[in-house]
Amino acid sequence: MSKCCINPSILSADFVNLQAELERISTADAVHVDVMDNHFVPNLTLGLPVVQRIQEVSALPLDAHLMISDADRWAPAYAELGLASVTFHVEAAAAPVKLARDIRDRGAKAGMALRPATPVEPYLDMLSELDMLLIMTVEPGFGGQKFLDITLPKIRRAAEAIRGSGLPLALQVDGGISADTIERAAEAGANVFVAGSAVYGSGDPDEAIRKLREAAEAVSNG
(Lines give C-alpha, C1' and ligand atoms only; values in the text may rest on other atoms or scores of the structure.)
Protein backbone atom coordinates (compact mmCIF):
# COMPACT_ATOMS: atom_id res chain seq x y z
CA MET A 1 0.00 0.00 0.00
CA SER A 2 2.93 2.39 -0.44
CA LYS A 3 2.20 3.87 -3.88
CA CYS A 4 -0.10 6.89 -3.70
CA CYS A 5 -2.48 7.32 -6.62
CA ILE A 6 -4.44 10.41 -7.60
CA ASN A 7 -7.64 9.68 -9.51
CA PRO A 8 -9.33 12.96 -10.51
CA SER A 9 -13.12 12.88 -10.63
CA ILE A 10 -14.60 14.14 -13.88
CA LEU A 11 -17.72 15.04 -11.90
CA SER A 12 -16.00 18.42 -11.58
CA ALA A 13 -15.03 18.59 -15.27
CA ASP A 14 -16.77 20.37 -18.14
CA PHE A 15 -19.16 17.71 -19.44
CA VAL A 16 -19.47 19.45 -22.82
CA ASN A 17 -15.72 19.06 -23.43
CA LEU A 18 -14.92 15.78 -21.72
CA GLN A 19 -12.21 14.66 -24.12
CA ALA A 20 -10.32 17.94 -23.66
CA GLU A 21 -10.85 17.71 -19.91
CA LEU A 22 -9.31 14.23 -19.88
CA GLU A 23 -6.23 15.60 -21.62
CA ARG A 24 -5.80 18.18 -18.83
CA ILE A 25 -5.12 15.40 -16.29
CA SER A 26 -2.49 13.45 -18.21
CA THR A 27 -0.36 12.87 -15.09
CA ALA A 28 -3.18 11.23 -13.13
CA ASP A 29 -3.10 7.55 -12.27
CA ALA A 30 -6.67 6.94 -13.43
CA VAL A 31 -9.87 8.79 -14.29
CA HIS A 32 -12.57 8.50 -11.63
CA VAL A 33 -15.99 8.28 -13.30
CA ASP A 34 -18.99 8.86 -11.04
CA VAL A 35 -22.13 7.08 -12.23
CA MET A 36 -25.27 8.26 -10.39
CA ASP A 37 -28.83 7.16 -11.10
CA ASN A 38 -30.94 9.63 -9.07
CA HIS A 39 -32.17 6.67 -6.99
CA PHE A 40 -29.29 5.50 -4.80
CA VAL A 41 -28.12 9.12 -4.62
CA PRO A 42 -30.09 12.32 -5.37
CA ASN A 43 -28.18 13.18 -8.52
CA LEU A 44 -28.05 12.02 -12.13
CA THR A 45 -24.79 11.94 -14.08
CA LEU A 46 -23.47 9.51 -16.69
CA GLY A 47 -24.72 6.17 -17.92
CA LEU A 48 -23.33 3.17 -19.75
CA PRO A 49 -23.12 4.68 -23.29
CA VAL A 50 -21.25 7.79 -22.13
CA VAL A 51 -18.84 5.76 -19.99
CA GLN A 52 -18.20 3.50 -22.97
CA ARG A 53 -17.28 6.54 -25.08
CA ILE A 54 -14.99 7.91 -22.36
CA GLN A 55 -13.30 4.52 -22.23
CA GLU A 56 -12.73 4.70 -25.99
CA VAL A 57 -11.05 8.12 -25.94
CA SER A 58 -9.22 8.11 -22.59
CA ALA A 59 -5.47 7.55 -22.51
CA LEU A 60 -5.80 6.80 -18.79
CA PRO A 61 -7.46 3.78 -17.15
CA LEU A 62 -11.01 4.30 -15.96
CA ASP A 63 -12.02 3.86 -12.32
CA ALA A 64 -15.83 3.71 -12.28
CA HIS A 65 -17.71 4.45 -9.06
CA LEU A 66 -21.29 3.21 -9.35
CA MET A 67 -23.61 5.13 -7.05
CA ILE A 68 -26.61 3.25 -8.36
CA SER A 69 -29.38 0.98 -7.17
CA ASP A 70 -29.45 -2.66 -8.26
CA ALA A 71 -25.67 -2.85 -8.51
CA ASP A 72 -25.86 -6.64 -8.93
CA ARG A 73 -27.56 -6.15 -12.28
CA TRP A 74 -25.61 -3.22 -13.69
CA ALA A 75 -22.03 -3.38 -12.40
CA PRO A 76 -20.96 -6.36 -14.58
CA ALA A 77 -21.99 -4.42 -17.71
CA TYR A 78 -19.52 -1.66 -16.80
CA ALA A 79 -16.78 -4.23 -16.29
CA GLU A 80 -17.49 -5.58 -19.78
CA LEU A 81 -16.59 -2.18 -21.27
CA GLY A 82 -12.94 -2.85 -20.46
CA LEU A 83 -12.71 -0.49 -17.50
CA ALA A 84 -9.73 -0.90 -15.19
CA SER A 85 -11.88 -1.05 -12.07
CA VAL A 86 -15.56 -1.03 -11.16
CA THR A 87 -16.66 -0.07 -7.66
CA PHE A 88 -20.15 -0.83 -6.36
CA HIS A 89 -21.76 0.31 -3.12
CA VAL A 90 -22.27 -2.50 -0.64
CA GLU A 91 -25.52 -0.82 0.45
CA ALA A 92 -26.87 -1.35 -3.08
CA ALA A 93 -25.69 -4.95 -3.53
CA ALA A 94 -27.82 -7.96 -2.61
CA ALA A 95 -24.90 -10.40 -3.02
CA PRO A 96 -21.62 -8.45 -2.73
CA VAL A 97 -19.31 -11.47 -2.87
CA LYS A 98 -20.94 -12.80 -6.03
CA LEU A 99 -20.93 -9.32 -7.55
CA ALA A 100 -17.23 -8.80 -6.85
CA ARG A 101 -16.52 -12.15 -8.52
CA ASP A 102 -18.70 -11.23 -11.51
CA ILE A 103 -16.73 -8.01 -11.98
CA ARG A 104 -13.41 -9.80 -11.76
CA ASP A 105 -14.62 -12.51 -14.15
CA ARG A 106 -15.18 -9.78 -16.74
CA GLY A 107 -11.60 -8.56 -16.47
CA ALA A 108 -11.95 -5.51 -14.22
CA LYS A 109 -10.70 -4.98 -10.71
CA ALA A 110 -13.49 -5.15 -8.14
CA GLY A 111 -14.00 -2.31 -5.70
CA MET A 112 -16.52 -1.99 -2.89
CA ALA A 113 -17.64 1.37 -1.49
CA LEU A 114 -19.04 2.22 1.92
CA ARG A 115 -21.01 5.35 2.77
CA PRO A 116 -19.73 7.36 5.77
CA ALA A 117 -22.15 5.75 8.24
CA THR A 118 -21.66 2.17 7.00
CA PRO A 119 -19.31 0.23 9.30
CA VAL A 120 -16.42 -1.61 7.70
CA GLU A 121 -16.22 -4.49 10.21
CA PRO A 122 -19.02 -6.68 8.73
CA TYR A 123 -17.14 -6.82 5.42
CA LEU A 124 -13.57 -7.51 6.50
CA ASP A 125 -13.94 -11.23 5.88
CA MET A 126 -14.51 -10.58 2.16
CA LEU A 127 -11.37 -8.52 1.55
CA SER A 128 -9.90 -11.38 -0.49
CA GLU A 129 -12.74 -10.94 -2.98
CA LEU A 130 -11.80 -7.30 -3.62
CA ASP A 131 -9.05 -5.31 -5.26
CA MET A 132 -10.06 -2.02 -3.69
CA LEU A 133 -12.04 -0.75 -0.73
CA LEU A 134 -13.52 2.74 -1.03
CA ILE A 135 -14.33 4.68 2.12
CA MET A 136 -16.57 7.62 1.26
CA THR A 137 -15.44 10.75 3.09
CA VAL A 138 -18.60 12.67 2.20
CA GLU A 139 -22.17 11.54 1.61
CA PRO A 140 -22.20 10.38 -2.01
CA GLY A 141 -24.13 12.35 -4.57
CA PHE A 142 -22.50 15.72 -5.13
CA GLY A 143 -19.02 17.12 -5.65
CA GLY A 144 -17.51 19.98 -3.69
CA GLN A 145 -18.51 18.76 -0.23
CA LYS A 146 -16.46 19.17 2.91
CA PHE A 147 -14.30 16.24 4.06
CA LEU A 148 -15.85 14.37 7.02
CA ASP A 149 -13.21 13.85 9.71
CA ILE A 150 -15.50 11.34 11.43
CA THR A 151 -14.48 8.87 8.70
CA LEU A 152 -10.80 8.90 9.73
CA PRO A 153 -11.12 6.19 12.43
CA LYS A 154 -12.88 3.94 9.90
CA ILE A 155 -10.09 4.52 7.37
CA ARG A 156 -7.55 3.55 10.06
CA ARG A 157 -9.44 0.36 10.93
CA ALA A 158 -9.73 -0.58 7.28
CA ALA A 159 -6.03 0.08 6.67
CA GLU A 160 -5.08 -2.02 9.68
CA ALA A 161 -7.26 -4.89 8.47
CA ILE A 162 -5.75 -4.71 4.98
CA ARG A 163 -2.22 -4.74 6.38
CA GLY A 164 -3.12 -7.68 8.59
CA SER A 165 -4.57 -9.59 5.65
CA GLY A 166 -1.39 -9.29 3.61
CA LEU A 167 -3.52 -8.67 0.53
CA PRO A 168 -2.49 -6.14 -2.17
CA LEU A 169 -5.69 -4.19 -1.63
CA ALA A 170 -5.98 -0.49 -2.49
CA LEU A 171 -7.71 1.75 0.06
CA GLN A 172 -9.44 4.61 -1.72
CA VAL A 173 -11.04 7.73 -0.26
CA ASP A 174 -13.49 9.95 -2.10
CA GLY A 175 -14.98 13.27 -1.06
CA GLY A 176 -13.52 16.58 0.02
CA ILE A 177 -9.96 15.55 -0.86
CA SER A 178 -7.80 18.65 -1.24
CA ALA A 179 -4.38 19.98 -0.32
CA ASP A 180 -5.82 20.62 3.14
CA THR A 181 -7.24 17.15 3.76
CA ILE A 182 -5.16 14.64 1.78
CA GLU A 183 -2.48 14.43 4.46
CA ARG A 184 -5.05 13.41 7.09
CA ALA A 185 -6.46 10.73 4.82
CA ALA A 186 -2.98 9.45 3.94
CA GLU A 187 -1.94 9.40 7.60
CA ALA A 188 -5.00 7.27 8.34
CA GLY A 189 -3.84 4.75 5.73
CA ALA A 190 -5.52 5.60 2.43
CA ASN A 191 -3.39 5.32 -0.70
CA VAL A 192 -5.78 6.11 -3.58
CA PHE A 193 -7.31 9.58 -3.54
CA VAL A 194 -10.24 10.84 -5.59
CA ALA A 195 -10.10 14.60 -6.06
CA GLY A 196 -12.57 16.57 -8.12
CA SER A 197 -12.78 20.30 -7.52
CA ALA A 198 -9.25 20.36 -6.04
CA VAL A 199 -7.97 19.31 -9.49
CA TYR A 200 -10.43 20.76 -11.97
CA GLY A 201 -10.95 23.92 -9.94
CA SER A 202 -7.25 24.63 -10.33
CA GLY A 203 -5.79 26.68 -13.18
CA ASP A 204 -3.33 23.85 -13.83
CA PRO A 205 -4.89 20.45 -13.11
CA ASP A 206 -1.66 18.51 -13.71
CA GLU A 207 0.19 20.73 -11.23
CA ALA A 208 -2.61 20.21 -8.70
CA ILE A 209 -2.26 16.44 -9.17
CA ARG A 210 1.50 16.68 -8.60
CA LYS A 211 1.06 18.63 -5.37
CA LEU A 212 -1.60 16.26 -4.06
CA ARG A 213 0.59 13.23 -4.83
CA GLU A 214 3.62 14.80 -3.15
CA ALA A 215 1.59 15.65 -0.03
CA ALA A 216 0.22 12.12 0.25
CA GLU A 217 3.58 10.44 -0.39
CA ALA A 218 5.31 12.65 2.16
CA VAL A 219 2.99 11.27 4.83
CA SER A 220 2.96 7.67 3.57
CA ASN A 221 6.73 7.45 3.29
CA GLY A 222 7.54 9.63 6.28
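Listing for the model above:
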read-out	value
Of all residues making up the stretch 188-222, the number that are farther than 22 Å from PHE15 by Cβ, of a type outside the set (S, T, N, Q), assigned to a loop (DSSP other than H, G, I, E, B) and under 16 Å from the mean Cα position of the chain (by Cα)	2
Test: residue in the stretch 77-95 that is more than 20 Å from THR137 (Cβ to Cβ), modelled with pLDDT of 95 or more and aromatic (Phe, Trp, Tyr)	yes
Hits in the stretch 109-144 - residues which are within 13 Å of VAL173 (Cβ to Cβ) and among the polar types (S, T, N, Q)	THR137
Enumerated strands (runs of 3 or more DSSP E) restricted to the stretch 1-117, each holding at least 1 residues that are touching a helix residue (DSSP H, G or I) at 6+ places or on another chain (Cβ under 9 Å) and either among the acidic types (Asp, Glu) or loosely packed, with under 14 Cβ neighbours inside 10 Å (or both)	31-36
Filtered residues of the stretch 128-140 (kept if part of a loop (DSSP other than H, G, I, E, B) and buried (at least 19 other Cβ atoms within 10 Å of the Cβ))	LEU130, ASP131, THR137, VAL138, PRO140
Residue count for the stretch 30-50, restricted to those that are over 14 Å from PRO140 (Cβ atoms) and at pLDDT 95 or above	2
Residue in the stretch 146-153 that is part of a helix (DSSP H, G or I) and buried (at least 16 other Cβ atoms within 10 Å of the Cβ) present	yes
Failed condition for ALA185, given (1) over 18 Å from THR87 (Cα atoms); (2) within 14 Å of the chain's Cα centre (by Cα); (3) part of a loop (DSSP other than H, G, I, E, B)	(3)
Flag for ALA218 being out of contact with any helix residue (DSSP H, G or I) (no Cβ under 6 Å at 6 or more places or on another chain), of a type in the set (A, V, I, L, M) and at pLDDT below 95	yes
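Every residue, every condition in (1) on the phi > 0 side of the Ramachandran plot; (2) touching a residue at least 60 places away in the same chain (Cβ under 8 Å); (3) within 18 Å of the chain's Cα centre (by Cα), yes or no:
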| residue | (1), (2), (3) |
| --- | --- |
| CYS5 | no, yes, yes |
| GLU23 | no, no, no |
| SER26 | no, yes, yes |
| ILE54 | no, no, yes |
| MET67 | no, yes, yes |
| GLU80 | no, no, no |
| SER85 | no, no, yes |
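The values are calculated or read from the model by the stated rules, or taken from the named source; none is laboratory data. Owing to the predicted nature of the structure, the values given are computational and were not obtained by experimental measurement. Cβ atoms come from the backbone with ideal geometry, glycine included; neighbour counts cover every protein chain shown.
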